[in-house]
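Have a look at the structure below before the remarks.
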Amino acid sequence: MILLIDIGNSLTKIALGDEITQKITLLKPIISKEKNWNNNIKKLILQIKNKVNKTIISTVIPDKLTEITKIITTILKTKPIILNGNLIKNLPIKVNTGTKEIGSDLIALAIGSYHKYQSSIIVSLGTATTYTIIKDNVILGIIIGPGFNDAKNSLTANAALIKPFTIKPYQSVLGNTTNHALSIGYGNGFNYMIDTTITAINNELKSNLPVIITGGNFQELKPFFHFKYQYDQDILILGLMIIYQMQEKNNKLN
């Protein structure tokens, strides 16, 4: 099996990918900023080391790359493949901008989505809200906006009377309690932001691209979304597996 690792700013996602069935088994995510990150990664990999013979890593945190590479090399006795802009040269998707400007997580999202859905707009609800636009096997552009959790945390950190909150849908858009007001502002606000951005993208491209949503903030925002979309929690991890298989097929692994 292939060990698939994506180290994001918030979470480190780890999964096992079956090369034959392409079934993905997600393992327990690990908080990327926690003090025991190294030890937790080691414990998890030790538990599954007999099932794994290949590894690919995507990370947007450079400091973690050396650490995770050492862990993989030591425990699995194999050199992991690191996803970066250079790998995209061997993939069936083009970029109309410099690959150095595209994060490895977005490359994996793009490949996973292209493999499964072809042309699409992938909205990732993570530390940032990102939009990756793919049309006719080309990544046409990226949009990066504020992340949902960071927006909430910023308010509670800077507003003395606002405590940590969870939003819920209300029928009226006129808030009459603190939670009601926050729910409208954050829930409806993110719905409007994403919906309007999608409309602007399709208007500029004169298209009607399907929308694929992924990311950890989906469940809280889901009740507020009124635009058409499909949710796919595994799309980035799928992208990592597809990239590894393509590199292996083209004898580009080193």
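The values are calculated or read from the model by the stated rules, or taken from the named source; none is laboratory data. Please read all numbers here as calculations on a predicted model, not as lab measurements. Methodologically, a virtual Cβ is constructed for each residue, glycine included, from the backbone with ideal geometry; neighbour enumeration extends over all protein chains shown. The area values use the complete protein model at the heavy-atom level, side chains included, leaving out ligands, DNA and RNA. Shrake-Rupley method; radii C 1.70, N 1.55, O 1.52, S 1.80 Å.
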Restricting attention to the stretch 199-217, the residues that are closer than 13 Å to residue 125 by Cβ and modelled with pLDDT of 95 or more number exactly 4
Lone unmet requirement of (1) open to solvent by less than 50 Å² (accessible area, probe 1.4 Å); (2) over 17 Å from residue 236 (Cβ atoms) for residue 64
(2)
Selection count where residues are in contact with a Ser or Thr (Cβ under 9 Å, 6 or more places away or on another chain), outside any loop (DSSP other than H, G, I, E, B), open to solvent by 10 Å² or more (accessible area, probe 1.4 Å) and under 20 Å from residue 166 (Cβ atoms), scope the stretch 204-239:
2
What number goes with the only condition from (1) touching a helix residue (DSSP H, G or I) at 6+ places or on another chain (Cβ under 8 Å); (2) open to solvent by 40 Å² or more (accessible area, probe 1.4 Å); (3) of a type outside the set (A, V, I, L, M, F, W, C); (4) in a loop (DSSP other than H, G, I, E, B) that residue 49 does not pass?
(4)
Pair list, Cβ under 7 Å, 6 or more apart: the stretch 122-133 residue in contact (Cβ under 8 Å) with a residue 40 or more places away in the chain and under 9 Å from residue 194 (Cβ atoms), other residue open to solvent by 20 Å² or more (accessible area, probe 1.4 Å) and among the polar types (S, T, N, Q)
131/197
I'm checking my understanding of the structure. Among residues of the stretch 13-23 that are touching a residue at least 40 places away in the same chain (Cβ under 8 Å) and surrounded by 20 or more Cβ atoms within 10 Å (Cβ to Cβ), which one is farthest from residue 116 (Cα to Cα)?
13
What tally of residues in the stretch 46-66 results from selecting those that are of a type in the set (Lys, Arg), touching a residue at least 40 places away in the same chain (Cβ under 8 Å) and more than 11 Å from residue 2 (Cβ to Cβ)?
1
Taking the options 124, 119, 113, name whichever one is open to solvent by less than 10 Å² (accessible area, probe 1.4 Å) and either at pLDDT 90 or above or among the aromatic types (Phe, Trp, Tyr) (or both).
113
I'd like to check something: does the stretch 145-159 contain any residue that is within 15 Å of the chain's Cα centre (by Cα) and of a type in the set (D, E, K, R)?
no
Going by the structure shown, is residue 198 touching a residue at least 12 places away in the same chain (Cβ under 8 Å), buried (at least 19 other Cβ atoms within 10 Å of the Cβ) and part of a helix (DSSP H, G or I)?
yes
May I ask you to list the residues in the stretch 30-43 that are open to solvent by less than 70 Å² (accessible area, probe 1.4 Å) and within 21 Å of residue 83 (Cα to Cα)?
30, 32, 37, 38, 41
